[in-house]
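Peer 1: Below is one structure. I have some questions about it.
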Amino acid sequence: MTSKKVYADAASALKGVVKDGMTLMCGGFGVCGIPENLIAALHDSGVRNLTVVSNNAGLDGVGLGLLLKARQIRKMISSYVGENKEFERQYLAGEVEIEFNPQGTMAERIRAGGAGIYGFFTKVGAGTQVAEGKETRTVDGETYVLEKGLVADVALVKAWKGDTEGNLIYRKTARNFNPNMATAAQVTLAEVEELVEPGVLDGDSIHTPGIFVQRIIQGANYTKMIEKRTVRKRVEGSRAVVA
Amino acid sequence: MPWSREDLAARAAKELKDGFYVNLGIGIPTLVANYIPPGMHVVLQSENGMLGTGPFPFEGEEDPDLINAGKQTVTALPTTSYFSSADSFAMIRGGHINLAILGAMEVAENGDLANWMIPGKMVKGMGGAMDLVAGVKRVVVVMDHTSKEGDPKFKKACELPLTGTNVVDLLITDLAVFSRPTRRDLFKLIEVAPGVTRDEIRSKTPAKYLE
């Protein structure tokens, strides 16, 4: 039996769910664990005025950098956008907007959004610019900031393995925001390195249960770029573990 | 002579205790991993979603799916676990991490910390810094005592936008170490770099501290 969730490729998976002006969540930390195929297809779709929730904004011409270069992004909601000259240029020219969230606040806003929680009070950002314009509450001498749950029209996530029911397993630190974002969108599109039949994945090992995934594709031609290649020399007896 | 980068990392490593879960920031704090005393069990957390961060890989063994929060390639240990960003910051915000060591642009005498933006310059973002200083039990800052222009960085009050209010427990600079027993206390000068005088520190420190 073929599952209704499986699409032939990224372009067909995006069909009917992509609209100008929509809010998009995109998994990944730096360029680790980014949905490469879906981003490329989104670029090709020509969709514009996107609000993108993603920890970072990609690198120049890589990941979300592709969408930036093509001026498809109107606003980023991120925790860190360094290492991207095109983003910097557009930002300084007033062409793209940015809303900075502390990384953990962003992760929790997404988790809350996906879990049907309106908002939460956190001490992160209290007394800083992050709290400006937000409701605060002081309890037992500690000040907390109200942060609202975050949801999106579409989430693009990348997993290592997935089955036709949309169950996903991530690999190592490529997991990052992907499982949280998968829960927080009207439509979640997943791409996987290996798409398998039901029963192949161990049910105890599933990170994202299929209920959170509406469309899934087998990805192709992964680049898996390394942003900062750091290695250590094979020196006998050396205890140095970082450069 | 002021302490070197390596000296600072070695000094910060003295704050580690057996059994600690620790988050190391980018730059000098990362080097602290080289100074974990032999036999001491310390687990390094990378906020991108890893507990038990191992050393850099040998050349040819880099894995694009395995990086630390500085986006550097790292390796796993037999004890390593991986988790989502929300779980990672539950560890951080929830007070499960014993110690965070991070860099700073400014520290104030009341423990305020500024390390994420300079108005008028391109702002890259705070990443996980605000979550770390708000949630981790003990926060150690490692920074140069003065800026490249010679301006003091340990001040009466931070001028730059804050990362957190009243969050620093120990300050290690290239000239001195300042600590305070609780976040209600003033910092106290506890160590001076070799060849550096208390007068020099006084002249370069607008922050009020105990001698």
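The values are calculated or read from the model by the stated rules, or taken from the named source; none is laboratory data. Keep in mind that what you see is a predicted model, and the values were worked out from it rather than measured. Neighbour counts are summed over all protein chains in view; Cβ atoms, including those assigned to glycine, are modelled from backbone coordinates with ideal geometry.
Peer 1: Given the conditions (1) part of a strand (DSSP E or B); (2) over 17 Å from the mean Cα position of the chain (by Cα); (3) within 11 Å of B:Val107 (Cβ to Cβ), and given that B:Ala207 satisfies all but one, which numbered condition is not satisfied?
Peer 2: (1)
Peer 1: Check B:Gly120, B:Gly127, B:Gly111 and return the single one that is outside any helix (DSSP H, G or I), facing chain A (nearest Cβ under 8 Å) and over 21 Å from B:Ala193 (Cα atoms).
Peer 2: Exactly one residue qualifies, and that residue is B:Gly127.
Peer 1: When only residues in segment A:54-66 that are crowded, with 24+ Cβ neighbours inside 10 Å and farther than 22 Å from B:Met50 by Cβ count, which is nearest to the other protein chains (Cβ to nearest Cβ)?
Peer 2: By that ranking, first place goes to A:Ala57.
Peer 1: Considering segment A:118-130 alone, what residues qualify as being more than 10 Å from chain B (Cβ to nearest Cβ) and not in a loop (DSSP other than H, G, I, E, B)?
Peer 2: Within segment A:118-130, A:Gly119, A:Phe120, A:Phe121 meet the criteria.
Peer 1: Run B:Pro181 past the list (1) assigned to a loop (DSSP other than H, G, I, E, B); (2) crowded, with 22+ Cβ neighbours inside 10 Å; (3) not aromatic (Phe, Trp, Tyr) and report the number of the one that doesn't hold.
Peer 2: Only one criterion is unmet by B:Pro181, namely (2).
Peer 1: Given the structure, is A:Ala115 closer than 18 Å to B:Ala90 by Cβ, facing another protein chain (nearest Cβ under 8 Å) and among the aliphatic types (A, V, I, L, M)?
Peer 2: So A:Ala115 does not fit the description; no.
Peer 1: Follow-up question, since we're still on this one. Any chance segment B:112-131 includes a residue that's surrounded by fewer than 24 Cβ atoms within 10 Å (Cβ to Cβ), touching a Phe, Trp or Tyr at 6+ places or on another chain (Cβ under 9 Å), under 30 Å from B:Pro2 (Cβ atoms) and of a type in the set (Asp, Glu)?
Peer 2: no
Peer 1: Would you be able to tell me the number of residues in segment B:131-142 that are out of contact with any strand residue (DSSP E or B) (no Cβ under 6 Å at 6 or more places or on another chain) and not in a loop (DSSP other than H, G, I, E, B)?
Peer 2: Summing the residues that are out of contact with any strand residue (DSSP E or B) (no Cβ under 6 Å at 6 or more places or on another chain) and not in a loop (DSSP other than H, G, I, E, B) in segment B:131-142 gives 2.
Peer 1: State which residue is farthest from the other protein chains (Cβ to nearest Cβ) when the search covers only segment B:87-100 and only residues that are assigned to a loop (DSSP other than H, G, I, E, B) and either over 11 Å from B:Asp131 (Cβ atoms) or not β-branched (Val, Ile, Thr) (or both).
Peer 2: Selected residue: B:Asn98.
Peer 1: When only residues in segment A:190-210 that are within 22 Å of B:Ser81 (Cα to Cα) and touching a Pro at 6+ places or on another chain (Cβ under 8 Å) count, which is surrounded by the fewest Cβ atoms within 10 Å (Cβ to Cβ)?
Peer 2: If we take residues in segment A:190-210 being within 22 Å of B:Ser81 (Cα to Cα) and touching a Pro at 6+ places or on another chain (Cβ under 8 Å), then A:His207 is surrounded by the fewest Cβ atoms within 10 Å (Cβ to Cβ).
Peer 1: Keeping to segment B:71-83, report how many residues are in a loop (DSSP other than H, G, I, E, B) and closer than 22 Å to A:Tyr222 by Cα.
Peer 2: 3
Peer 1: Which one of these does A:Asp153 not meet: (1) more than 27 Å from A:Arg109 (Cβ to Cβ); (2) surrounded by fewer than 19 Cβ atoms within 10 Å (Cβ to Cβ); (3) among the acidic types (Asp, Glu); (4) in contact (Cβ under 8 Å) with a residue 12 or more places away in the chain?
Peer 2: Among (1) more than 27 Å from A:Arg109 (Cβ to Cβ); (2) surrounded by fewer than 19 Cβ atoms within 10 Å (Cβ to Cβ); (3) among the acidic types (Asp, Glu); (4) in contact (Cβ under 8 Å) with a residue 12 or more places away in the chain, the lone unmet condition for A:Asp153 is (1).
Peer 1: Given the condition touching a Gly at 6+ places or on another chain (Cβ under 6 Å) and under 24 Å from B:Ala134 (Cα atoms), answer yes or no: does some residue in segment A:150-157 qualify?
Peer 2: Yes, because at least one residue in segment A:150-157 is touching a Gly at 6+ places or on another chain (Cβ under 6 Å) and under 24 Å from B:Ala134 (Cα atoms).
Peer 1: Something else about it: Can you pull out the residues in segment A:85-101 that are more than 9 Å from chain B (Cβ to nearest Cβ) and not hydrophobic (A, V, I, L, M, F, W, C)?
Peer 2: Once the filter is applied, which keeps residues that are more than 9 Å from chain B (Cβ to nearest Cβ) and not hydrophobic (A, V, I, L, M, F, W, C), segment A:85-101 yields A:Lys85, A:Glu86, A:Arg89, A:Gln90, A:Gly94, A:Glu95, A:Glu97, A:Glu99.
Peer 1: Examine segment A:159-171 for a residue that is at pLDDT 95 or above, within 19 Å of A:Thr23 (Cβ to Cβ), among the small types (Gly, Ala, Ser) and not in a loop (DSSP other than H, G, I, E, B), and state whether such a residue exists.
Peer 2: No, there is no match, as no residue in segment A:159-171 is at pLDDT 95 or above, within 19 Å of A:Thr23 (Cβ to Cβ), among the small types (Gly, Ala, Ser) and not in a loop (DSSP other than H, G, I, E, B).
Peer 1: Quick test of your reading of the structure: B:Glu106 fulfils all but one of (1) farther than 28 Å from B:Val177 by Cα; (2) surrounded by 18 or more Cβ atoms within 10 Å (Cβ to Cβ); (3) in contact (Cβ under 8 Å) with a residue 12 or more places away in the chain; (4) of a type in the set (Asp, Glu). Name the failing condition by number.
Peer 2: It is condition (1) that B:Glu106 fails.
Peer 1: A:Glu108 - would you say it is outside any loop (DSSP other than H, G, I, E, B) and buried (at least 24 other Cβ atoms within 10 Å of the Cβ)?
Peer 2: yes
Peer 1: Restricting to segment B:140-159, what's the tally of residues that are crowded, with 24+ Cβ neighbours inside 10 Å and either in contact with a Gly (Cβ under 9 Å, 6 or more places away or on another chain) or within 12 Å of chain A (Cβ to nearest Cβ) (or both)?
Peer 2: 2
Peer 1: Here's another thing I want to ask about it. What is the residue count in segment B:47-86 for residues that are among the hydroxyl-bearing types (Ser, Thr, Tyr), crowded, with 23+ Cβ neighbours inside 10 Å and within 7 Å of chain A (Cβ to nearest Cβ)?
Peer 2: Residues meeting the conditions: 3.
Peer 1: Is it the case that some residue within segment A:26-49 is among the hydrophobic types (A, V, I, L, M, F, W, C), closer than 19 Å to B:Lys124 by Cα, more than 9 Å from every other protein chain (Cβ to nearest Cβ) and surrounded by 16 or more Cβ atoms within 10 Å (Cβ to Cβ)?
Peer 2: Yes.
Peer 1: If you don't mind, another one. Identify, please: which residue in segment A:81-105 is within 18 Å of the chain's Cα centre (by Cα) and polar (S, T, N, Q) and is, among those, surrounded by the fewest Cβ atoms within 10 Å (Cβ to Cβ)?
Peer 2: Checked segment A:81-105; the qualifying residue surrounded by the fewest Cβ atoms within 10 Å (Cβ to Cβ) is A:Asn84.
Peer 1: So which residues in segment B:159-182 are over 17 Å from the mean Cα position of the chain (by Cα) and within 16 Å of A:Gly127 (Cβ to Cβ)?
Peer 2: Result: B:Glu159, B:Leu160, B:Pro161.
Peer 1: For the subset of segment A:211-236 comprising residues that are more than 7 Å from chain B (Cβ to nearest Cβ) and either surrounded by 19 or more Cβ atoms within 10 Å (Cβ to Cβ) or of a type in the set (Lys, Arg) (or both), which member is farthest from A:Met181 (Cα to Cα)?
Peer 2: This residue is A:Lys233.
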